[in-house]
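> Sharing a structure, written as structure tokens. Questions coming.
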Amino acid sequence: MIELLLPADVSSASTRAETVPDGALFPEEEALIAKSVAKRRNDFATARACARRAMAGLGLPPVAVLHGHRGRPLWPEGIVGTLTHCVGYRAAALARAADVLSLGIDAEPHAPLPTGVRELVALPAERERIGPPAPEGTGEIHWDRILFSAKESVFKTWYPVTGVELDFVQADLTFHRTDGPGSGHGAQGPTAAEGTFAARLLLTDPALPTTLHGRWRVEDDIVATAVLVRPDWREGKGM
């Protein structure tokens, strides 16, 4: 699904698998998770398996993907990339730095946010725009979950470029649906719905752009979002 949100010069790969065969990791990667619980190991390994497939899409040999500050993946020289994982979905997206300055993707289960999280991640204006939480099992879109995912994609794109960590309340998001409000629904809920979003960054540095643009999609009980900026982003150009 993530490939539907990204341009052709980005190589992406995803999987629904929860595990990978033993020996799929490089020794350096194994060392990073030697003491981790099974879920952490599986998330780490399956995301890196996707990364290796995305590398192949760029004509690159497979290499270890280690991590830096707060777990941010470290990519080969001249490559930018991003990983995501949630229950039932893992993905990676990579591009050449000559073509893409930074990108972020995120995947989440298409379900309401846990109690209390909505108030922590959504500004009052955002809560008003997306409306009240949709009850689970009604077939409605869970806009609060899309909001959460989109902010994660924004933050993953923003930090590698600026070195500045954003809080959830430092981005004000507005969503648009492009598939039509009455389309893409089946008996069990939305089979596919998609659209775009704009993230207005509530920062005071006049030298930095104030808006990022991204895309979202809901399909097969998964929410996916993506943000991408080009090398000329500081002139106000994005995906």
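The values are calculated or read from the model by the stated rules, or taken from the named source; none is laboratory data. As the structure is a computational prediction, the values presented were derived from the model and not from experiment. Note: ideal-geometry Cβ built from the backbone for every residue, glycine included; neighbour counts use all protein chains shown. Note: accessible area is taken over every heavy atom of the protein model, side chains too, but ligands, DNA and RNA are not part of it. Shrake-Rupley method; radii C 1.70, N 1.55, O 1.52, S 1.80 Å.
> In the range 31-109, carbon and sulfur make up what percent of the accessible area (probe 1.4 Å)?
Carbon and sulfur: 58 percent of the exposed surface of the range 31-109.
> When ligands, DNA and RNA are left out and all protein chains stay put, how many square angstrom of accessible area per residue does the chain have with a 1.4 Å probe?
48 Å²
> Another question, then. Give me the tail of P(r) for the range 1-142 as a percent: Cα-Cα pairs with distance above 19 Å. List each step's numbers first, then the result.
On the way: 5797 of 10011 pairs.
More than 19 Å apart: 58 percent of the Cα pairs in the range 1-142.
> How large, in percent, is the carbon and sulfur part of the accessible surface of the range 132-180 at a probe radius of 1.4 Å?
Carbon and sulfur atoms account for 52 percent of the accessible area of the range 132-180.
> Another question, then. For the chain, what does the equivalent ellipsoid look like in terms of its semi-axes, each the square root of 5 times an eigenvalue of the Cα gyration tensor, given largest first in whole Å?
After diagonalising the Cα gyration tensor, the semi-axes are 28, 23, 17 Å.
> Same structure again: Stretch T178-A8 to full length: gain in nm at 0.36 nm per residue minus the Cα-Cα span?
Full extension from T178 to A8 adds 59.2 nm.
> I want to check the label-to-label distance for E28 and T138. Put each point 7 Å from Cα in the C-beta direction and report it in nm to one decimal.
Here the answer is 5.0 nm between the modelled labels.
> Between H67 and K35, what is the label-point separation in nm under the 7 Å Cα-to-beta-carbon projection?
Here the answer is 1.5 nm between the modelled labels.
> Also, I was wondering about something else. Before anything else, pin down the relative contact order of the chain: Cα pairs under 8 Å, at least 6 apart, normalised by residue count, whole percent. Walk me through the numbers before you get to the answer.
Details: 479 pairs, mean separation 46.1, N = 239.
Relative contact order for the chain comes out at 19 percent.
> Under 12 Å from the Cβ of R215, count the other residues' Cβ atoms, weight Lys and Arg +1, Asp and Glu -1, and hand me the total.
With Lys, Arg at +1 and Asp, Glu at -1, the net is -2.
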